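Just so it is clear, none of the values below were taken in a lab; they were calculated from the coordinates. For clarity, every value in this text was computed on a predicted model and none was experimentally measured. Cβ coordinates were reconstructed from backbone atoms using ideal geometry, including for glycine residues, and neighbour counts include every protein chain displayed.
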Amino acid sequence: MTEAELRGNSEQTRERLIVAAREVFSQQGFQSATVREICKRAEANIAAVNYHFGGKDGLLAEALNFAPLKALQQTNATLDACPKVRTQAFIHDFMHMLLDEKKASLQCQIMARELADPTPALDQIVRDAIAPLHEYLGELLNEVAGRPMGEAEQRRMVSSILGQCLYYRNSQPVLQRMDPKLRYDHKEINAIAAHIAAFSLAGILQVASTN
């Protein structure tokens with residue numbers, strides 16, 4: 001085998017480990033996830049994690065690449081639409097990243113799990129994903145309100161919207177026990193997103209008109 005082929009195989013192993021890690025971290029959380037399970041799914045030797053990432057912590061750092069979430073924000077920012085429509089589009093796309101099994105962002109699912117059951121990985125998630133997301137959504141909601149909101153008011157508005165979105169992800173086992181027929185197919189995700197957007201926009205406009 002040539003040196004180029006060896007490098008290619010090594011890079012393929014590295015990518016398989018990242019993909020497998022995202023799956024396991026999103027399903028089991030960082031604390032419960034094991035290197036053995038990740039390597040099993042990646043069809044890689046356990047030593048490969050230390051070789052490529054220096055251990056489980058380093059693998060998590062690579063797995064937590066929030067490029068899809070950043071791309072969502074960038075795409076939304078360039079939409080040729082009013083702030084209300086952009087908010088509706090943002091919530092729609094974010095809900096599909098959280099709930100759509102075929103298109104879901106495993107990084108966003110890891111984020112949702114960490115918010116419900118924090119581990120040492122939460123600091124990195126806040127820095128790389130949650131803080132920028134809050135900042136972006138806060139600026140968008142200022143546009144919806146038609147005025148700059150105070151820091152505390154803006155934080156509550158953003159937290160209200162994200163809280164609604166994450167509830168459907170983190171409470172899925174409870175909701176399915178209450179309604180065994182519940183399935184997060186495209187129709188249901190679209191309906192949830194439309195409800196959250198309508199409910200939130202009505203609240204923001206009401207608060208903006210009374211303050």
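Specify which labelled value, from (i) 126; (ii) 116; (iii) 149, agrees with volume of the Cα convex hull per residue in Å³ derived from the coordinates of the model shown. Matching entry in (i) 126; (ii) 116; (iii) 149: (iii). From helices alone, the chain scores -24500 deg cm²/dmol at 222 nm; the rule is -39500 (n - 2.57) for each run of n ≥ 4 DSSP H residues, then divide by the residue total. Taking Lys and Arg as +1 and Asp and Glu as -1, the other residues whose beta-carbon sits under 14 Å from that of THR34 total +1.
Ranked by how many other Cβ atoms sit within 10 Å of their own Cβ, fewest first, the residues LEU162, LEU133 fall in the order LEU162, LEU133. Spacing of the modelled spin labels on HIS186 and THR34, each 7 Å from Cα toward Cβ, amounts to 3.9 nm.
Computed from the C-beta positions of GLN74 and GLU101, the FRET efficiency with R₀ = 35 Å rounds to 0.90. The label point for ARG177 and the one for GLU43, both projected 7 Å from the Cα toward the Cβ, are 3.8 nm apart.
Over the residues of the range 86-151, compute the C-alpha Rg and express it relative to 2.2 N^0.38 Å. Numbers along the way, then the final one.
Numbers: Rg = 13.6 Å, N = 66, 2.2 N^0.38 = 10.8 Å.
Normalised Cα radius of gyration, the range 86-151: 1.26.
Considering only ARG41, ARG22, ARG86, the Gaussian network model of the chain with Cα springs below 10 Å gives its largest mean-square fluctuation to ARG41. Ignoring aspartates and glutamates fewer than eight residues from LYS187 along the same chain, the ones with Cα atoms less than 15 angstrom from its Cα are ASP93, ASP100, GLU101. Approximating the spin labels as points 7 Å out from Cα along Cα→Cβ, the ASN50-to-GLU135 distance works out to 3.8 nm. Within a straight-line Cα-Cα reach of under 25 Å, LYS40 can be paired with the following lysines, leaving aside sequence neighbours fewer than 8 residues apart in one chain: LYS56, LYS102, LYS103.
The range 24-57 and the range 121-136 have their alpha-carbon centroids 23 Å apart.
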